[in-house]
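K.L.:
Before we start, here is the structure in question, set down as structure tokens.
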């Protein structure tokens, strides 16, 4: 009869705790103009104002719906 492997003692259960992003990385995404905070990246025209598009070397792409624009 084959032996069963014992479960690891430090097995993760549930969600990982959220880590805060360093302040120097957050500063790259936002800019202050005229007393308002604006995001530098494009928003997705299909999904609406709450969804931002990822910046690649040759295109902008939405992670939610897959919409892509060339730069």
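The values are calculated or read from the model by the stated rules, or taken from the named source; none is laboratory data. This is a predicted model, so every value here is computed, not measured. Neighbour counts run over all protein chains shown; Cβ positions are idealised from the backbone, glycine included.
K.L.:
Could you list, in sequence order, the residues of region 39-57 that are in contact (Cβ under 8 Å) with a residue 12 or more places away in the chain and more than 19 Å from residue 28 (Cα to Cα)?
P.N.:
The answer is 44, 45, 46, 47.
K.L.:
Quick one: residue 14 ticks every box in (1) under 17 Å from the mean Cα position of the chain (by Cα); (2) assigned to a loop (DSSP other than H, G, I, E, B); (3) loosely packed, with under 10 Cβ neighbours inside 10 Å except a single one, so which number is it?
P.N.:
Every listed condition holds for residue 14 apart from (1).
K.L.:
What do you reckon, is residue 8 out of contact with any strand residue (DSSP E or B) (no Cβ under 8 Å at 6 or more places or on another chain), modelled with pLDDT under 85, surrounded by fewer than 10 Cβ atoms within 10 Å (Cβ to Cβ) and not in a strand (DSSP E or B)?
P.N.:
Yes, satisfied.
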